[in-house]
1. When residues of the stretch 39-63 are filtered for being more than 11 Å from the ligand (Cβ to nearest atom), part of a loop (DSSP other than H, G, I, E, B) and of a type in the set (Val, Ile, Thr), how many remain?
2. Out of all the residues in the stretch 160-176, which are touching a residue at least 24 places away in the same chain (Cβ under 8 Å) and either assigned to a helix (DSSP H, G or I) or touching a Ser or Thr at 6+ places or on another chain (Cβ under 6 Å) (or both)?
3. Go through Gln135, Gln61 for me and flag whichever is farther than 23 Å from Arg176 by Cα, modelled with pLDDT of 95 or more and surrounded by 14 or more Cβ atoms within 10 Å (Cβ to Cβ).
4. Listed residues Pro23, Pro36, Pro16; which is away from the ligand (no atom under 16 Å from the Cβ) and part of a loop (DSSP other than H, G, I, E, B)?
5. Do we have Asn92 as surrounded by 16 or more Cβ atoms within 10 Å (Cβ to Cβ) and at pLDDT 95 or above here?
6. Do the conditions hold for Ile196, that is, is it over 20 Å from the mean Cα position of the chain (by Cα) and not in a loop (DSSP other than H, G, I, E, B)?
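The values are calculated or read from the model by the stated rules, or taken from the named source; none is laboratory data. Note that the structure is predicted; figures quoted are calculated from it, not measured. With ideal geometry, Cβ positions are generated from the backbone for all residues, glycine too; neighbour counts draw on all protein chains shown.
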Amino acid sequence: MNVKLEDRLVGLDRCPQCGIANPEMELLWRSDCIMPRAETAYGHNWAVYKCTSCRLLVLAQSRLGNQGTKELEKVYPDVESVEEDIPERARNYLTQAVGSIHAPDGAAMLAGSAVDAMLKAKGLTEGTVYNRIDQAVQQHILTQEMGAWAHDVRLGSNRPRHADQDDPHVTPQEARQAIEFAKTLGTVLFVLPNRIANRGNGNS
Ligand SMILES: [Zn+2]
């Protein structure tokens, strides 16, 4: 990521607040180099930007501000990422869900697709997503509680998908919870087992 703290924060993939791709970030405030207390010889430039899409603010920290660079080191809040160990198709859906949190119906449907793709990646390919969740519980891939949560995510993604007569939309909070569940499921099913498997391979 080669992003510079200029009058615009150009080059940021996504807005950390709303997830929109290639956000337009307007400079609101910029500091001179601020030195931290004693621990390090390097200070940082700081700047606050506003996303023109969601109008929420992010705080940007440069690398080694006292050496004249304006290259971005970190943004607060952090840009949300999806773990590499999650299988390709599920990760693709989940990445799109994270990037469309400003459109909750779409984000919830994508999170539901990510969950289904994860179950398929575990060999559960028969029947409907409803069946796959129940099979995952029967085979102890999911706990009862995770299965119940997976059904909640499924029901949430079905409402906009089928233009439910009474309750056609999901709230931003419900979309966020669906994404959190999909990420948790990805950690339990793929990320954690990979880390455990690699533990003896010199990474510890
Ligand atoms: Zn934004």
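1. 1
2. Residues satisfying the conditions are Pro160, Arg161, Pro172, Glu174, Ala175, Arg176.
3. That would be Gln135, the only listed residue that is farther than 23 Å from Arg176 by Cα, modelled with pLDDT of 95 or more and surrounded by 14 or more Cβ atoms within 10 Å (Cβ to Cβ).
4. Going through Pro23, Pro36, Pro16 in turn, the sole match is Pro36.
5. For Asn92, the condition - surrounded by 16 or more Cβ atoms within 10 Å (Cβ to Cβ) and at pLDDT 95 or above - is met.
6. Criteria met by Ile196.
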